[in-house]
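Worksheet: the structure to be examined is printed underneath.
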Amino acid sequence: MTATPANAQVLETMSALFVSLPHCATLGFQYLGTEGRKPTLKVDWREDLVGNPASGTIHGGVITSLVDTTSAVSVTACLPDFETIATLDLRIDYLKAATPGKAIYCRAECYRLASQIAFTRAVCYHDDPADPIAHGVATFMRESSRASMLKEGA
Amino acid sequence: MSEFMQQLAALRDDNNVAALCEAIPYARLMGVEVSTGDDGELLFQLPFYPRNVGNTALPALHGGLIGGFLENAALLHLIWHRESLEAPKIVDFSLDYLRSGRPQTLFARCEITKQGKRVAHVLIEAWQEDRRKPVAVARAHFLLTQ
């Protein structure tokens, strides 16, 4: 696998777009960059993202959104040109509870870009990707819509 | 049993389904509402809010948000129907997206397919105008023992 994005401009534009989408901005997603074709996103712990007030653990839904978004960015690291993609399916394995108060990172990789489908895998972790909180696999439809995700002028 | 689960248990005993979602900060942030349907089963609703959008061009709800909504629905459905008051822990969650979520209310209902001693299996379905045209279907496993 090539160690650089297929089209740096596509990755740069789409990663900025994806973290700026209203839902991602609401959750406070940050794009930290891409190593080869593996992007990393971060979400800080916040009280309003908690799923269990007794423990202070972040809601699983936040991890679902983080995996979905990071995985989508990993697809754009492999795209030769701009196109609209849509999640087809997503599976998350919750390996252990997230630690309250700590930021969660997600690193994803598109391990197969077929003509119509992109296949991704992702891990969520606090400090070390080798010690993950959650593991996610997803598939994306390519060219899911004729409407561009980019607004005019973007 | 944690204070949080005691709180949920009290709400369940009072049949106070609306307050159930209110007790979960992220469910509040999403804007989830829950009521009891004609058949007495829980009906989860997510009215449209611009902050939940994931594709501004269509526009469409964010796929991750739909996942979070369904996962939350499954957890609350399970708490509501279980006798035990330990908090179920989600083990895995699998979600198929069938249609894009349009900027309107999203509904969800759950079904406990199997409740064993240690693990429960829950099916979740989400739709908008027409229940026969689901937006997403999901399934989740929960661990019931600590």
### Query
B:Glu129 versus (1) touching a helix residue (DSSP H, G or I) at 6+ places or on another chain (Cβ under 9 Å); (2) modelled with pLDDT of 95 or more: which is the lone unmet condition?
(1)
### Query
What about A:Asp48, is it surrounded by fewer than 20 Cβ atoms within 10 Å (Cβ to Cβ), modelled with pLDDT of 95 or more and out of contact with any Lys or Arg (no Cβ under 9 Å at 6 or more places or on another chain)?
no
### Message
Of the conditions (1) of a type in the set (Gly, Ala, Ser); (2) in contact (Cβ under 8 Å) with a residue 12 or more places away in the chain; (3) over 16 Å from A:Glu109 (Cα atoms), A:Gly36 satisfies every one except a single condition; which number is it?
### Response
(3)
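Tell me which residues, restricted to the range A:110-122, are within 11 Å of the chain's Cα centre (by Cα) and crowded, with 22+ Cβ neighbours inside 10 Å.
A:Cys110, A:Thr120, A:Ala122
Given B:Gln45, B:Gln104, B:Gln7, B:Gln115, which one is on the phi < 0 side of the Ramachandran plot and either crowded, with 19+ Cβ neighbours inside 10 Å or in contact (Cβ under 8 Å) with a residue 60 or more places away in the chain (or both)? First the steps, then the outcome.
On the way: B:Gln104 fails: either crowded, with 19+ Cβ neighbours inside 10 Å or in contact (Cβ under 8 Å) with a residue 60 or more places away in the chain (or both); B:Gln7 fails: either crowded, with 19+ Cβ neighbours inside 10 Å or in contact (Cβ under 8 Å) with a residue 60 or more places away in the chain (or both); B:Gln115 fails: either crowded, with 19+ Cβ neighbours inside 10 Å or in contact (Cβ under 8 Å) with a residue 60 or more places away in the chain (or both).
Answer to the selection: B:Gln45.
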### Query
When you go through (1) in contact (Cβ under 8 Å) with a residue 24 or more places away in the chain; (2) polar (S, T, N, Q); (3) closer than 17 Å to A:Lys96 by Cα one by one for A:Thr13, which number turns out not to apply?
(3)
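Please tell me if B:Gly54 is surrounded by 23 or more Cβ atoms within 10 Å (Cβ to Cβ), assigned to a helix (DSSP H, G or I), in contact with a helix residue (DSSP H, G or I) (Cβ under 6 Å, 6 or more places away or on another chain) and on the phi < 0 side of the Ramachandran plot. Walk me through how you get there before you give the answer.
On the way: surrounded by 23 or more Cβ atoms within 10 Å (Cβ to Cβ): yes; assigned to a helix (DSSP H, G or I): no; in contact with a helix residue (DSSP H, G or I) (Cβ under 6 Å, 6 or more places away or on another chain): yes; on the phi < 0 side of the Ramachandran plot: yes.
Answer is no for this residue.
Yes/no per residue for (1) of a type outside the set (Phe, Trp, Tyr); (2) touching a residue at least 60 places away in the same chain (Cβ under 8 Å); (3) within 7 Å of chain A (Cβ to nearest Cβ):
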site: B:Ala19; (1), (2), (3): yes, no, no
site: B:Pro25; (1), (2), (3): yes, no, yes
site: B:Gly37; (1), (2), (3): yes, yes, no
site: B:Gly54; (1), (2), (3): yes, no, yes
site: B:Ala57; (1), (2), (3): yes, no, yes
site: B:Gly64; (1), (2), (3): yes, no, yes
site: B:Ala87; (1), (2), (3): yes, yes, yes
### Query
Can you spot a residue in the range A:19-40 that is among the β-branched types (Val, Ile, Thr), assigned to a helix (DSSP H, G or I) and either within 23 Å of B:Ala73 (Cβ to Cβ) or more than 9 Å from chain B (Cβ to nearest Cβ) (or both)?
yes
### Message
Tell me yes or no: at least one residue of the range B:60-82 is over 15 Å from A:Ile92 (Cα atoms), charged (D, E, K, R), out of contact with any helix residue (DSSP H, G or I) (no Cβ under 6 Å at 6 or more places or on another chain) and in a strand (DSSP E or B).
### Response
no
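The values are calculated or read from the model by the stated rules, or taken from the named source; none is laboratory data. Source: prediction; values computed, not measured. Every residue, glycine as well, gets a Cβ built from its backbone with ideal geometry; the counts of neighbours run over all protein chains shown.
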